[in-house]
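Quick one: the structure is below, questions incoming.
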Amino acid sequence: MSQTVGQNLRQVALDALRDVERGAFADAALDKRLHRGDLSERDRRLATELVYGCVRRQRTLDALISQLATKPADQQPPNLRLILHLGLYQLRYLSHIPPSAAVDTTVDLAKGNGFAGLAGFVNGLLRGYIRQAAEREAGDPLNLPADPVSRIGIAHSMPDWIVQQWIAQFGETDAEQLCNWFNQPPSIDLRVNPLRASVEQVEAAMQAADVAVERLTGFPQALRLRNHRGAIPALPGYAEGWWSVQDASAQLVGMLLDPQPGETVIDACAAPGGKTTHLAELMGDRGVVWAGDRSANRLKKVLQNAERLQLTSIQLCPGDSRTLTQFPKQADRVLLDAPCSGLGTLHRHADARWRQTPDSVQELAQLQAELLHHVATWVKPGGTLVYATCTLHPDENERVVQDFLAAQPQWKIDLLPTDHPAIQFQQPQGWLRILPHRHDLDGFFMARLISSDCTLPAGNPDQGDIAK
C-alpha cells in the first residue's frame, strides 16, 4: 500500500472522527466520508476499522495520551487528539500495520492538517509508546489504577457508570469479561426465510460461493457468517428473499411470541422490521401482522424488507404506540420490542457507550413503562404479550416487568416448556436474559406475559411525557 493511498484512507478516517466529535453517529459519519472518497475495498475496510476502533477505544487512547504527553488528552487541541488516537490505535490494536508505517503516516497526517509545528511531538509520543511497550515485560505500557471500576473502564474503554452497574449486577470478573466482549468485532447472523428456502439450501449456496457459514444450536433458522467482508446484498439468496440479517438473540424474540397462522399480531415498535418479518414467516404469512412505529419514514424500511422477503401479511400503522386507540382487545399476540439504551449491543454501535447516560436510561425506562401499560390493552383475554429489549440494565428490564405485574395482577409471566429453544436463558423469575460473554450472542432481555383478563385501565402510569 503506497503512502499516498494510505494517507488518503487515514484522512477519510480523520474526517469521519471529526464529524463524530461534532455529534454525528459513527456509522453515518463514516458512510458519508466513504462515499466522498475514492478508496479500494481494502482501504475502505481499514478506514472503517480505524473509525470504529478509535471511537470504541477512545478512553484507553486518551489515557495513553495523558500518560505519554506533558498535557492530558482533554487539554490537547481536539483535532490533534484525534490524530494521536489514529496513531496509537494502529500501534496498540492493529498488528498487521508495521509500527514505522503507523508512525510515519500519523506524522504526515498531522502535517497535512495544520500541525506541522507539532510533528516532532507526534513522532516522539508514538515512538515513546513503542519504546515503553518493548521495555515492559508484559508488553503493555498502559498504567492502570488499582480501583476496579477505573481499571476496567480505562483498560476496556467503558464509562465508569456502565462498569459500576455491571459489577453490581454480575460481579467484577463477569463485568470485565462483558467489557472485553463488547470490544470484539460483531458476528453476522442470517435468519433463513422458511417460506422461500431451507437452511440446507442457503447453507449449500453459501458454501458454493466460498462463504463460510455455521449453524447455531437451538436456533433453527440461523446461520452465522464467518469472517465475511464483502457486501451483504451480494450474497446468494438475498435478492430472492431467502434470508435476512438478524442476530440469533433477536430471532429468539419471535420464537418466544410464537405467533400462529391466522392470528392477529401487533409489533408495537416495528421499524426497521427484522422481528416483524420474522413473525410473518413464523405464521406462514397467514393472518395479519400490524407493524407500528411513530416514524412513518422508518416504517418504509419495514415495507421494503417485507417486499424482498415476499411477505403479504404485514400492515403498517404509523403513530406513537402509547396513543394508538384502534387496537383494544384486538390482538392474539403483541410484541413490544421497546426502545432501549442498547447496552447489550455495544459491539455493533461504536459510539453508543458514550451517548447513553444514567439519565437517559431513566428516561427510557419511563417510556418503556408507558408503552407496556398501553400495548397490554391491545391483547385479547388469554392472549400473549412479549416484552423485549437489547439492553442489560435492570431499570429497563426486570424493574419494568416487575412494576407492570404489580400494577396489573391479571397478568403473569408464562414459563417456557422444557423443550423450548430459549429455555437455557430462562431465569428463576421466569424472564430470559442473554449475556453476551457467556453465550456469544447479543445481550437481550425478554419476558413472555399471559393474561387471564385484559380489562385494563386506560392510559399509562403517572409519568410525564417523553420523546421516543
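The values are calculated or read from the model by the stated rules, or taken from the named source; none is laboratory data. The structure displayed is predicted, hence computed values, not measured ones. Positions of Cβ are backbone-derived with ideal geometry, glycine not excepted, and every protein chain shown enters the neighbour counts. Ligands, DNA and RNA are excluded from the accessible area calculation, which covers all protein heavy atoms including side chains. Shrake-Rupley method; radii C 1.70, N 1.55, O 1.52, S 1.80 Å.
5 Å is the cut-off here: which amide hydrogens, built 1.01 Å from N in the peptide plane, fall below it relative to E263, excluding neighbours closer than 5 in sequence?
V288
Further question on the same structure: Which order, highest average first, do 171-178, 80-87 follow once you tally other Cβ atoms within 10 Å for each residue and take the mean per peptide? Let's see the in-between values first.
Details: 171-178: 17.4, 80-87: 23.8.
The most tightly packed comes first, giving 80-87, 171-178.
I've got another one for you. Going through the cross-link list K32/K275; K32/K301; K275/K301; K275/K300, which pairs have a Cα-Cα distance over 23 Å in this structure?
Numbers: K32/K275 28 Å; K32/K301 20 Å; K275/K301 12 Å; K275/K300 15 Å.
Check vs 23 Å cut-off fails for K32/K275.
Right, next: Looking at the square roots a ≥ b ≥ c of the eigenvalues of the Cα gyration tensor of segment 71-157, which shape do they give, rounded for a/c under 1.5, prolate if a/b is larger than b/c, or oblate?
Numbers: a/c = 2.13, a/b = 1.41, b/c = 1.51.
Oblate.
Another question, if that's okay. Which net charge results when you count Lys and Arg as +1 and Asp and Glu as -1 among the other residues whose beta-carbon is under 12 Å from that of E281?
Numbers: positive: R191, R196, K275, R286; negative: D285.
Once all neighbours under 12 Å are counted, the net charge is +3.
Say the dipole of segment 45-119 comes from +1 at the beta carbon of Lys and Arg and -1 at that of Asp and Glu; which of C54, A69, S100 then lies farthest toward its positive end?
Selected residue: C54.
With charges set only on the Cβ (+1 for Lys and Arg, -1 for Asp and Glu), what does the dipole of segment 43-121 come to about its Cα centre, in debye to the nearest 20?
Rounded to the nearest 20 debye, it is 200 debye.
While we're here: Do any chymotrypsin sites (Phe, Trp or Tyr not before Pro) in segment 22-101 lie in a loop, going by DSSP, with at most 16 other beta-carbon atoms within 10 Å of their beta carbon, and if so which?
Numbers: sites: F25, Y52, Y89, Y93; in loops: F25.
Sites meeting the loop and neighbour criteria: F25.
Once neighbouring chains are kept in place and the probe is 1.4 Å, which whole percent of the accessible area of the chain is contributed by carbon and sulfur? Kindly include the intermediate steps, with their values, before the conclusion.
Numbers: 9660 of 19810 Å².
Roughly 49 percent, rounded to a whole number.
Follow-up. Under 22 Å Cα to Cα from K412, which lysines show up? Leave out anything in the same chain fewer than 8 places away.
K329, K380
Over what distance in Å are the Cα centres of segment 177-245 and segment 12-65 separated?
Between the Cα centre of segment 177-245 and that of segment 12-65, the gap is 26 Å.
Here's a follow-up. Please label the shape of the chain as rounded, prolate or oblate, based on the square roots a ≥ b ≥ c of the eigenvalues of the alpha-carbon gyration tensor (a/c under 1.5 means rounded; beyond that, a/b larger than b/c means prolate, else oblate).
Working: a/c = 2.15, a/b = 1.67, b/c = 1.29.
Cα axes put the chain in the prolate bin.
Using a 1.4 angstrom probe, figure out how much accessible area the chain has per residue, in square angstrom, rounded to the nearest whole. Before the final figure, lay out the partial values.
On the way: 19810 Å² over 468 residues.
For the chain, the per-residue accessible area is 42 Å².
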